[in-house]
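Before we start, here is the structure in question, set down as structure tokens.
The values are calculated or read from the model by the stated rules, or taken from the named source; none is laboratory data. Fair warning: this is a prediction, and the values are worked out from it, not measured in the lab. Note: ideal-geometry Cβ built from the backbone for every residue, glycine included; neighbour counts use all protein chains shown.
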Amino acid sequence: MSGGGFGGLDTIPYDRLDPRVPQRLTRAAAERLGKPDSRINYLVPSISQGEVSWGTYFKDGSIFIANARGPIILKGLSPYLRPNIRGLSP
């Protein structure tokens, strides 16, 4: 069961969320970054084209994306923390 979503956005049925993933992803992402898991700002599930993924966002702007089961599939940095083309601060 899930809510109606916002403005036609897909919702995520609760049974598609593995409750073990947040802890698994948090530990793996913190280990890869070499920082304590206390540096994680937030974790959020999302769905796109029917596929569930999890995003882990660190306080320094590092981002890790995992699939529905928890393995990390992408690592990046928040675009808001990158200098723009002209070299100006965000």
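Any chance segment 40-59 includes a residue that's modelled with pLDDT under 90, within 15 Å of I73 (Cα to Cα) and among the aliphatic types (A, V, I, L, M)?
Yes, the conditions are met somewhere in segment 40-59.
Just need a number here: residues in segment 1-32 that are among the aliphatic types (A, V, I, L, M) and at pLDDT below 90.
3
Let me ask you something else. Say we look at segment 31-44 and pick out the residues that are touching a helix residue (DSSP H, G or I) at 6+ places or on another chain (Cβ under 8 Å) and either among the β-branched types (V, I, T) or in contact (Cβ under 8 Å) with a residue 12 or more places away in the chain (or both); which of these is surrounded by the most Cβ atoms within 10 Å (Cβ to Cβ)?
In this case the residue turns out to be I40.
Let me ask another. When only residues in segment 57-73 that are in contact with an Asp or Glu (Cβ under 8 Å, 6 or more places away or on another chain) and not aliphatic (A, V, I, L, M) count, which is surrounded by the most Cβ atoms within 10 Å (Cβ to Cβ)?
Looking at the filtered set, the residue picked out is G70.
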